[in-house]
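Just so it is clear, none of the values below were taken in a lab; they were calculated from the coordinates. Predicted, not measured: the structure shown is a model, and the values here were computed from it. Here the Cβ positions follow ideal geometry from the backbone for every residue, glycine too, while neighbour counts run over all protein chains shown.
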C-alpha cells in the first residue's frame, strides 16, 4: 500500500536523530563545494561508516570475464546485441548508426560522448545556468574495472537516442509481461525471512517507471541521456527474468530496487539544481547520490555477471549469494538515508516561493504506491441499490464504520504517530509479502487508538488516488455479542471486500451467487463459508489489508479457530495480504503470534502520546487559567510521570482533579495518587456512598452481562429494581446525570451510539475479578427480567408494552421512546370524555403508565432465557428454580405469565440485525420457535425446556411424565427440538427419561439424528449414534438420511464420522427427498471435496442408477449445479 509515506517517515525519523526538524526558514551554514568530508563527520557513526566504505569494490572478488562475455548472453538478448545499437534504455535502433564498440573510459570522455550523442528532442539547458552534471557517469567511475566494463557493455552506446517517454513505454511493456508471468505462475520466493510475492514487486517497478516518466514530463531540464546507463541495466534484468524462470525472483527484486533508486534520484536531481540552490548543498547531495548510484550499478553488474554463466556454473554459484545481496542492499538503504539528509538541507536552502513544477515534483516524492488491476472491475456486477444493500446486510450488519468513527473522535490530536514511524510497521507495509503484524500491550495503553490511527492511515492513502486494493477492518468488543464472535468478524470482512470505492453500485459476482444459493437453502454464512469467500476475495485484489482491534476481546475458546483461518488465508493467497492485529499479550494469543512481527507498547514508546492526552484534557478544568503556572506544570508533570504509559489511569486521575477547585486540594491529591489501575478502581469504588453504591452496583452488573449495549431508557428502569420484590418500582427521579455521578466515570455514555458502556474494558475485568462473577450478574438480571414478565400481566401491559406494528427494529423503538413526551395524567381528569381510548384508561390506573418500561420489556422478552442459561452455577440455584417454575408453570400446563410472554414475542418483529448464527440460540431461533402457530396455541412450556437447554436449571422436571407425543407446528418432537438448538445436556436427559431416538418425525429432517447432522452438532450426533443407538440409515425428511443432511450442510467432520465410524451406507437408494443418493446430493450442491471423499474413501458408485429422486444419477445431478 503506502510504501512512499513509509520511506518519508524513515526520512523524518532520521531528521529528528540528526536534529534537522527545524523550520523551513532555517538557513544552512555555508560550506565549500568540497566540504563533503566534514559533513560526513557530523553524521552518526553507523551512517558515517557506510559513507566511507560505500565505494569499496564489491564485485572485485568475482571472476574477470572477457569483454565479449559482458554482452547479453541469452537468446532473446543476443538478437538485440547483433544490431550493435541500443536506445537510452537499451532498445534496438538502426545498426548503421553505430560504427565502433569503443566506449569512453573516463569521466571526461564519457561526458563528451553524452553531449555528442544527445537526442535532438532534448530540451537544451539555459545558457546562464551551469550544465547539469552526469551523476551516473561519475558513479560509473567508482566501480571496479570489471564492473565498469559490464555496465558499459550493457549500454552499447549509440548515436541516435529515442525520446525518454518512448523508451520508458517500451520498458513498461516489458515489465507488464514479467508481471503477467509472475501472476500466471503465482511466483513466490523466500527473501530476508519473508515469502515475497513477485507479482507485487513487479507492480512497484511499474510504479517507479511511471514516476520517472512523469518527472520527464514536468522538469524542463530533463536529460534522457543521463538516465540511459541504469535503464539499460534494468532492461537487461527484465529480459533475463523472462528467460530465466529459476532465478526470476532475484532478478525481479533487483529490478525494483534499481528502478526505485533511478526514479527517486531523478526527482532530486531535477528539483535541486545548481544556481537555484546553494552550491555546497547541491554538491553534497550529488556526492551522496553518486555513491548510491554506484551501489545500484554494482547490483546490475553482479546480476549480469552471474547470469551470463552457463547453466552448470549457475547451479553451483546461484545468481545471488544471500550474504552478497544483503550487503549491497544494506549499503543502499544507509545511503538512501544520507540522500534524504542532504535533500532536506537543499530544501531548507530553496526559495519559499517554489514554482508549480517544483511543487509537483515534491508531491511525486510523497505519493504512495497503490496497486491497480482492471481484472477486479471485471468481476463486479451492477445491481439495484436496494438489492445490493440487502445482500450486504445479509452478509453483516455490524456497524464497523460507526465503531471507527467513535474511536477516531476520541483520539487526541497528533498522537499515535510513533507507531507509523516504527521499523516493524514500515517493514510490514513495505515488503511484498503476506504478513501479520501484532501490536501488543497491557490494559489502558491505547491499543485501540493506535489501531484507529492505522485504519486512518490506510484509508487516507487508498482515497488519495484511483486503485483496486482491498481493505477491511473490525473492532472487537467483549461487551457486544456481535463484536466478540470470530464469525461476525469474518462476515464483516467479506462484506467490506465485496464492494469497491470506485464502483459504488456494484458488488462482487461471487457474493451475489453465494447469497442466492444460501437464501434458497434458508441458510446463513458459516466460518467455513467465510474462510473460503475471504480467500477468493483477497485473490481478486492486487493487495488486501485487514485490521483487527482487540483480538483478546473475542470469545476465548474461539480465538484459535479465527487465527487458524487467517493463517490459511495468508498461506493460500496469491497476492499480498497484510493483517494488523492489536491485543493484550494473553497466553493463547501470545503463543500463536510471538514469532510474527510484533510491536510491544511500553511507556517509552507512548509517553509522548500520554503527555499530549494529559495536556489536552487537563486544560478543561474550569479554573485552569487562574491556576499558578507552577501548579499547572506540576499537574502535567506528575500525571505524565506516574501514568506509566496507561491512558486509562491518566483519564481517571484527570477526572478527579477536574472536580477539585482550590489549589491546596489539588496539591493534596497529587501527593496521594494511586499506583496502578487496580488501586485507582479500589479508591473509586470504596469511596462511593451507600445509596450511590446500591444503584451503581446494579448498573455495573447489567452492563457486565447485557446482550447488547443498553440505552438509557432500557437501563434506568432496570436498575431501580432489586430483584427481590414482587412489584416494579418507578424511576423516582433517577436520570442520566445522576447515574453518571453515581458511577464516578466507571460507566459512561457513548456519544455516538447513545448507549452505556464501561469507560474501559479494564473496568469490567475489575468488577468480574473483585466484585461479581458473570453468573452472579446474570442472576440479578434474570430476577429483574422475570419480575418484569410477571408484572406485564397487570393493567393490560401486554398491549401497552408491546412493540408496535410500525416499529421495524429495536433501534427505531428506542429512538421513539427517547424522543416522545410522556403522557400527563392531569390532562385527563376522571370522568373526562377524552379518556375513552384504552391507552388513556390504562394511564389513569397504571402507576407505571409511562414509556419508561416499554424498551426494558422488549429487551427482557428476547433475552431472559439467555441470562437464565448463564445463571446455572450461582449459589442461589434454589431461588432460580423457584422463579423459573413460577414463570413457566408445568411442562404440559404453562402459566398465564408464560403464555403472555409468548403472545407478545410472537407479535414482535424479529430484529435480524442483531442475530448471529454461530450454532447457538439467537433471537431469530427464538422467533422461529414461538412464531409456530401450534406452539402459540398450546403454549407448552416443555418446548422452552428443550429449546433453551434448561435440563440443568430444572432437574425436577424429569419427575413429570410429560415426554409424550407433543409436536411443534413443524412436526418436531421434544428430542428433535432440543437437537435443533444444540441443547446437548437436555438431549441426554430426554433420552435417559424415555424419548424415542429412532422415531420418524414429520419435520424437514425426519429424525433426531438427521437434524443433528444437518444442523452441524457433531457432539450430539456422536452421542445419539454411540450411546443412544440411533439408526444412521433411517430414511425420511427432505434430505433422505442423516448422511445426506450432513452433506447438504457441508459438515465434513460429521460426514467423516458417519462414514467411518457410524456405519452409514453411502450407496443407499434414498426414497425421501429429491436426491436419490448421498452422492447425488453432494453433486447437486457442488460439494466437490465431499464428492471426492465419498468416492475415494466411502466407496460411492459414480454411475449408480437411481431409483428415486429427480435426476437418475449423480452425474445428472451435477449438471444442475
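Each residue in 147, 421 was given a count of other beta-carbon atoms within 10 angstrom of its own, and listing them fewest first yields 421, 147.
One chain, two ends: residue 892 and residue 603. Fully extended at 0.36 nm per residue, the span grows by 97.7 nm beyond their Cα-Cα distance. Can you classify the range 581-714 as rounded, prolate or oblate using the Cα gyration tensor, where a ≥ b ≥ c are the square roots of its eigenvalues, rounded means a/c under 1.5, and otherwise it's prolate if a/b beats b/c and oblate if not? Oblate shape, in that a/c is at least 1.5 and b/c is the bigger or equal ratio.
In terms of overall dimensions, the C-alpha atoms belonging to the range 625-668 reach 28, 19, 18 Å along their principal axes, ordered largest to smallest. Counted by neighbouring Cβ atoms within 10 Å, the residues 987, 1039 run from fewest to most as 1039, 987.
Shown is the FRET efficiency for residue 999 and residue 588, computed with R0 = 35 Å from the Cβ-Cβ distance and rounded to the nearest 0.05: 0.25. The gain in end-to-end length when the residue 731 to residue 141 segment is fully stretched comes to 203.6 nm, 0.36 nm per residue minus the alpha carbon separation. Spin-label model, residue 1089/residue 634: points 7 Å from Cα along the beta carbon direction are separated by 6.7 nm. For residue 686, project a label point 7 Å along Cα to C-beta. Then give me every residue of the range 635-660 with its amide nitrogen under 13 Å of that point. Of the residues in the range 635-660, none has backbone N under 13 Å from the label point off residue 686.
Under a point spin-label approximation (7 Å from Cα along Cα-to-Cβ), what is the residue 624-residue 568 distance to one decimal in nm? Taking the simple label geometry, residue 624 and residue 568 are separated by 5.1 nm. Please state the shape class of the range 712-757: rounded when a/c is under 1.5, otherwise prolate if a/b exceeds b/c and oblate if not, all from the C-alpha gyration tensor. Note, shape of the range 712-757 comes out prolate.
When every Cα-Cα distance of the range 374-601 is counted in 5 angstrom steps from zero, the calculated P(r) takes the values 1, 6, 15, 19, 21, 18, 11, 6, 2, 0, 0 percent. Cα centroid separation, the range 465-505 to the range 268-308: 44 Å.
For 795, 742, the sequence from fewest to most other C-beta atoms within 10 Å is 795, 742.
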